[in-house]
Each structure stands twice: as C-alpha cells, then as structure tokens.
Amino acid sequence: GIRICRITEGPLKADVAAALSGVVTLAIPGASAIRTALPLLQALQPTVIRLAWDADARTNLHVAGGLEMAAHLLRTEMPGAELELETWATDPATHEPKGLDDALSAGATLTAHAGQAAWSALVDILHDSGRTPRPETIALAGMADAEDLTAAQHTGDAMSDGGMMGGE
C-alpha cells in the first residue's frame, strides 16, 4: 500500500492538490460522501488517511458534520490506518483560502494533526461551526471519557444554565 492518502472535497481540488503536493489525494463529491472513497481506500491500504475538508467546515455545520462522520467511519472501516486532519489558516474577513487546492496554490502552511490532536482539532471545528460534537469525538480528543460526558449531560439536563455556567 501507500503511506499517505489524503481525501478532499471535489475532483479538481484533489487533482490540483496531488500535483502541487505529491501526496495521493482522493476526491469525494461532497462533505458527507466519504463512503464513495471506501473501496479505493480499502484497495490502497494507506498507513495514514489525511482528511482535508474545505475551510468552510468552521462556518458550515453541514460540512463540519460531514467531516466528523468521515472521521468516525474511517476509524471503524480502516482500523489499521492512522487518521490525520489537515488544516490551514484562513483570512478572518474572507475565509480564504477555502479549499486545499487554493491553500497549496497560495503557499499556505498546512498542519496535519495526528492522534488525539486530530480529534481535538475536529472538536474545535465543530464548535466553530455551531455543531455539537458527538460524545465519542470528545472522548477521542481526550477532553472527557464518554461515561463522564454522558453523566455530565444527564446532570446538565436537570440543572439550570446558571448552575452549569457558574455565572458566566
């Protein structure tokens, strides 16, 4: 198999990213279409699967949700591969560069978050988008274990916001 296989949204973006970076880059037809990549990933058997979703995952809860779904699906379906999350800085006013292709073309610094840091970066993206992370995403980020989180959610249901927030 190959060492690193990156997945991004859109075939043109994937072609440009592969040409500019030299990293094998698969395209999916949208943020929630990760299942379309599974047969090829299973054939390639990469050591690392790097998710490089568009930067609008931070502002679009549907894109963020697709990223979270992809991470969990790949964790289940490709257990031998290490999962990474690739991000880059964007302009706060324009949110550019949006796609991986534009980020590479612009010479942006790409960061490949691995292990627990990948899940932590995913939690940050989900929070930024307004989407609540799954309990298992939070647990994988090392922010709480799933049992503690579930207990906290049930306790929180019975408490007022004032009691939980401590007067914020």
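The values are calculated or read from the model by the stated rules, or taken from the named source; none is laboratory data. Given the structure is predicted, the values throughout are model-derived calculations rather than measurements. Ideal geometry is used to build each Cβ from the backbone, glycine not excepted, and the neighbour counts take in all protein chains shown.
Per the conditions (1) touching a strand residue (DSSP E or B) at 6+ places or on another chain (Cβ under 6 Å); (2) of a type outside the set (Gly, Ala, Ser); (3) within 17 Å of ALA14 (Cα to Cα), the sole criterion not satisfied by LEU38 is (1). With respect to the stated conditions, ILE125 fails to be farther than 26 Å from SER21 by Cβ, part of a helix (DSSP H, G or I) and among the aliphatic types (A, V, I, L, M).
Table: residues versus (1) within 28 Å of VAL23 (Cα to Cα); (2) surrounded by fewer than 18 Cβ atoms within 10 Å (Cβ to Cβ); (3) at pLDDT below 95; (4) in contact with an Asp or Glu (Cβ under 8 Å, 6 or more places away or on another chain).
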{"site": "ALA93", "(1), (2), (3), (4)": "no, yes, yes, no"}
{"site": "ALA103", "(1), (2), (3), (4)": "yes, no, no, no"}
{"site": "GLY107", "(1), (2), (3), (4)": "yes, yes, no, no"}
{"site": "THR111", "(1), (2), (3), (4)": "yes, yes, no, yes"}
{"site": "ALA118", "(1), (2), (3), (4)": "yes, no, no, yes"}
{"site": "THR132", "(1), (2), (3), (4)": "no, yes, no, no"}
{"site": "ILE138", "(1), (2), (3), (4)": "no, no, no, no"}
{"site": "ALA141", "(1), (2), (3), (4)": "yes, no, no, no"}
{"site": "ASP145", "(1), (2), (3), (4)": "no, yes, yes, no"}
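The lone criterion from (1) among the hydroxyl-bearing types (Ser, Thr, Tyr); (2) touching a strand residue (DSSP E or B) at 6+ places or on another chain (Cβ under 8 Å); (3) assigned to a loop (DSSP other than H, G, I, E, B) left unmet by THR87 is number (3). Looking across the stretch 22-58, just one residue is in contact with an Asp or Glu (Cβ under 7 Å, 6 or more places away or on another chain) and of a type in the set (Ser, Thr, Tyr), and that is THR47. Scanning the stretch 37-54 for residues that are surrounded by 18 or more Cβ atoms within 10 Å (Cβ to Cβ) and more than 18 Å from ALA117 (Cβ to Cβ) yields ALA37, LEU41, PRO46, ASP54.
For every residue, the table says whether it meets (1) buried (at least 19 other Cβ atoms within 10 Å of the Cβ); (2) touching a residue at least 24 places away in the same chain (Cβ under 8 Å); (3) at negative phi.
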{"position": "ALA33", "(1), (2), (3)": "no, yes, yes"}
{"position": "ALA64", "(1), (2), (3)": "yes, yes, yes"}
{"position": "LEU100", "(1), (2), (3)": "yes, yes, yes"}
{"position": "GLY115", "(1), (2), (3)": "no, yes, no"}
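The residues of the stretch 94-121 that are within 28 Å of ARG75 (Cα to Cα) and in a helix (DSSP H, G or I), listed by number, are LEU100, ASP101, ASP102, ALA103, LEU104, GLN116, ALA117, ALA118, TRP119, SER120, ALA121.
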